[in-house]
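Engineer: Can you keep this structure in mind? I'll have questions shortly.
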Amino acid sequence: MSFTANRLLLFGATGDLAQRMLLPSLCALHADKLVAEDLQIIGTARQDFDDAGFRNFARAALEKFLPADRRGSMGTFLNRLHYQPLDANDLAGFTALSAKVGPIDDGLAIFLSTAPSLFEATIAGLSAGGLTGDKVRIGLEKPLGTDFQSSCEINDAVARAFPEDRTFRIDHYLGKETVQNLLALRFANILFEPLWNAAHIDHVQITVAETVGLEGRVGFYDGAGALRDMVQNHMLQLLALVAMEPPANYNATAIRDEKVKVLRALRLIDPSETVTGQYRAGAIIGQPVPGYDEELGKPSDTETFVAIKAHLDNWRWKGVPFYLRTGKRMPQRKTEIVVQFRHVPHSIFAGKGARSVPNRLVIGIQPEENITLSLMAKVPGLDRDGIRLREVPLDIAMADAFAGPNKRIAYERLLLDLIEGDQTLFVRRDEVEAQWDWIDGIRASWTEHDLKPKPYAAGTWGPSASIALTERDGVHWHE
Ligand code: NAP
C-alpha cells in the first residue's frame, strides 16, 4: 500500500549511526522541506532521556556532524524530535512506546539502527504494542546475519510482522549518487550497452579500500571480517549493478529481479581464487599505526583484506573475471569500479609503430565521485618517425558537472524513500540470500583448506598474493 508516513520511529537513536548519519540526514531533509510539516520523529534507546534531553543530545550531534551551512533550520528540526526510553528486550515497555508514538493511521516508518540480535525482540514488542499493520513499514540496518542460516532467521522474524513489500533492507551504498549513476550511465546512453559484454570487456575490478583500522568496532569486526563486512553486501550490490541485464522499468521489482539473477549466477569460488590478509604495523600517510592484533589485543584469524576473482556463469559474462578487493589500512581511501575493455581487434597503427592501450572506464564512488573514460588519441605532430598514440581521459567530475545541488548523504535518500515507501534502492530478501549463499561457499572452502590470512604492512595494498591473483592473468590492479 502506498502511503507517506507522518511518524518515524528510530530505534538506536543514541547510537553512532544515528549521530553521524541519521539525525544529520533527517535535519537536511527538513531544511530542504522534503519531509511533510507534520512528520514527527520519535527516538528510542535505553538511555534515560526526556524529549528535551534528546533534543539537546541531537543538537550536539548535528553541531558535530552536519556542515555549518546546512544547520540553518536546526531549531525547527529539533522540535520534531521526541524520545521514549526502552529496553527492546522488555516487552511491556512497548506499551509506553506506542503511547508516545501516538496514532499511526496516517503511516509509521520504523528504522532499526540497533544490533540485529535485538531485531527479534523488537519485532515481538512492536507486535505486542500495536505498532505493526498495513500502515507500518520497517527499515533494517546491516548486518543481516552472519551467514545464510542466521540471515533467514532474522528475515523470518521480521516477516512475522512485516511482509516483504513493507520491509526495507538498507545497503547504504545504494543511496550513493554515483552508484545510482551507474544505471544512468549504462541505460541512459546508447554508447555502452552494446559493448557491455564478454565480447568487448576483458575484466572488471571493484575496489573498496579504507585507510582506517578497527575504529572501536572491536566486538563486531573480529566476528565478521572483510568478506562479510564489505563483500557480502556493498561489493556484491555494486557487482550486480554493473553486471545486470537492462531492466524494463526503473522500479523496485524490475531492478531487483535483474540484480538477483546476477547474484544467483555467481560461480562457487575455488580457494586459489581468493587471497586473505591481515594488517600488521605500518604507516598510513606517514603516520605509524599498529597492527590488527595489537589493536585487538590478541591474535586473531579474522581477515582485514580479501581479494577475489569472481565469475558469473551466464551468457553475457562468460569468461570475464570480476576482481574484487577490499581492505583496511590501505594506502588510500577509495571505492571505484574499473571496466577494462578489450583491445581493438586490429590496430591499423601497429605498422606505424604506435602502441594502443585498450579503453577503460573508471567509476569513482569515494571519496570523489567521478567517471573517467580513457580513449586513445594521436599525439600531435608531423609523424615523420611514425604515429604516436596516447591515452587521454574523458573526465566527468560529478561535483563540477552538477555544481549547485547539495551533495547529499546516502541516508538522506534512503530515509526519504523509507518514509515515502519506495523500495527501489533497498535489498530484497532473495538478493540477501543469494549473497549469503555465495559468501558461505567461500568461507566453507577457507575452512576446508585451513586458509589463514597472510600478513601485510598497514599502508600497502594487501599481501603480495593479491597482486599475483591478477598478474597471472596479465592484469594489474588499478591504483
Ligand atoms: P551503537 O553506536 O552501538 O548504537 C546502538 C544503539 O542501540 C544505541 O542507541 C543503543 O543505545 C541502542 N541499544 C543497545 N541495546 C539496546 C537495547 N537492549 N534496547 C534498546 N536499545 C538498545 O551502534 P551503531 O554504530 O549506531 O550501529 C547501529 C546498527 O547499524 C548496527 O547494527 C551496526 O552494525 C549498523 N551499522 C552501523 C554503521 C555505522 O557507521 N555506525 C554502519 C553500517 C551499519 P542504549 O545503549 O542507550 O540502549
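Each value in this text was obtained by applying a stated rule to the coordinates, not by laboratory testing. The structure presented is a predicted model; accordingly, all values stated were derived computationally and were not measured. Positions of Cβ are backbone-derived with ideal geometry, glycine not excepted, and every protein chain shown enters the neighbour counts.
Engineer: How much length, in nm to one decimal, is gained on full extension between Glu368 and Glu448, taken as 0.36 nm per residue of separation minus their Cα-Cα distance?
Structural biologist: Stretched out fully, the Glu368 to Glu448 stretch lengthens by 24.8 nm.
Engineer: A further question follows. Measure off 7 Å from each Cα along the Cα-to-Cβ vector at Asn56 and Glu177, then give the distance between these two points in nanometres to one decimal.
Structural biologist: Modelled inter-label distance: 3.7 nm.
Engineer: Hey, another quick one. Mind running the shape call on the chain? Use the C-alpha gyration tensor, a ≥ b ≥ c as the square roots of the eigenvalues: rounded below 1.5 for a/c, prolate if a/b tops b/c, oblate otherwise.
Structural biologist: Prolate, since a/c reaches 1.5 and a/b exceeds b/c.
Engineer: Return the distance in nm (one decimal) between the two label points of a simple spin-label model at Arg333 and Asp270, each offset 7 Å from Cα along Cα→Cβ.
Structural biologist: 3.8
Engineer: Considering only Gly474, Ala377, Tyr456, whose Cα is most displaced toward the positive end of the charge dipole of segment 345-479, charges sitting on Cβ of Lys, Arg (+1) and Asp, Glu (-1)?
Structural biologist: Checked the options; the winner is Ala377.
Engineer: Additional query: Using Cα pairs closer than 8 Å and at least 6 residues apart in sequence, work out the relative contact order for the chain, in percent.
Structural biologist: Relative contact order comes out at 18 percent.
Engineer: Separate question: Kindly flag which residue pairs out of Lys328/Lys454; Lys298/Lys452; Lys176/Lys334; Lys142/Lys176; Lys259/Lys407 have an alpha-carbon separation exceeding 18 Å in this structure.
Structural biologist: Violating the 18 Å Cα-Cα cut-off are Lys259/Lys407.
Engineer: Could you check what % of the DSSP bridge pairs in segment 7-169 are antiparallel, to the nearest 5?
Structural biologist: If I count the DSSP bridges inside segment 7-169, around 0 percent turn out antiparallel.
Engineer: How high is the relative contact order of segment 7-169? Use alpha-carbon pairs under 8 Å, at least six apart in sequence, and give a whole percent.
Structural biologist: 24
Engineer: Right, here's the next one. Note down the nm distance, to one decimal, between modelled labels 7 Å out along Cα→Cβ at Asp293 and at Thr4.
Structural biologist: 5.7
Engineer: Taking neighbour Cβ counts within 10 Å as the exposure measure, how do Leu108, Leu418 sort from fewest upward?
Structural biologist: Taking fewest neighbouring Cβ atoms as first place, the list is Leu418, Leu108.
Engineer: Follow-up question, since we're still on this one. Treating the beta-carbon of each Lys and Arg as +1 and of each Asp and Glu as -1, no other charges, what is the dipole magnitude of segment 7-169 about its Cα centre, to the nearest 20 debye?
Structural biologist: Dipole of segment 7-169, to the nearest 20 debye: 460 debye.
Engineer: Using a Förster distance of 45 angstrom, determine the FRET efficiency expected from the C-beta separation of Arg390 and Ser73, and round it to 0.05.
Structural biologist: In this case the efficiency is close to 0.35.
Engineer: Suppose R0 equals 56 Å; then what is the FRET efficiency for Glu193 and Ala465 from their Cβ-Cβ distance, rounded to the nearest 0.05?
Structural biologist: Computed FRET efficiency for Glu193 and Ala465 comes out at 0.95.
Engineer: Related question: Checking the a/c ratio against 1.5 first, then a/b against b/c, what shape does the Cα gyration tensor give for segment 7-169?
Structural biologist: prolate
Engineer: Taking a cut-off of 14 Å between Cα atoms, list the aspartates and glutamates near Lys352, but don't count ones fewer than 8 places away on the same chain.
Structural biologist: Asp383, Asp385
Engineer: While we're looking at this one, here's another question. To check you understand DSSP bridge types, tell me what percent of the beta bridges within the chain (both residues inside) are antiparallel, rounded to 5.
Structural biologist: Bridges in the chain are about 55 percent antiparallel.
Engineer: If you average the C-alpha positions of segment 297-342 and of segment 42-85 separately, how far apart do those two centres end up, in angstrom?
Structural biologist: Answer, in whole Å: 39.
Engineer: Taking 0.36 nm per residue of sequence separation and subtracting the Cα-Cα distance, how much length would be gained by fully extending the chain between Asp48 and Glu63, in nm to one decimal?
Structural biologist: 3.2 nm
Engineer: Turning to a different aspect of this structure: Find out how many positive minus negative residues lie around Leu185, taking Lys and Arg as positive, Asp and Glu as negative, among other residues whose Cβ is under 13 Å from that of Leu185.
Structural biologist: -2
Engineer: What's the magnitude of the charge dipole for the chain around its Cα centre, counting Lys and Arg as +1 and Asp and Glu as -1 at the beta-carbon? Answer in Debye, nearest 20.
Structural biologist: Computed charge dipole of the chain: roughly 1300 debye.
Engineer: How many angstrom separate the Cα center of segment 153-193 from the Cα center of segment 17-39?
Structural biologist: 21
Engineer: So for the chain, taking the charge dipole from beta-carbon charges (+1 Lys/Arg, -1 Asp/Glu), which of Val231, Pro103, Thr178 sits furthest toward the positive end?
Structural biologist: The Cα lying farthest towards the positive end belongs to Thr178.
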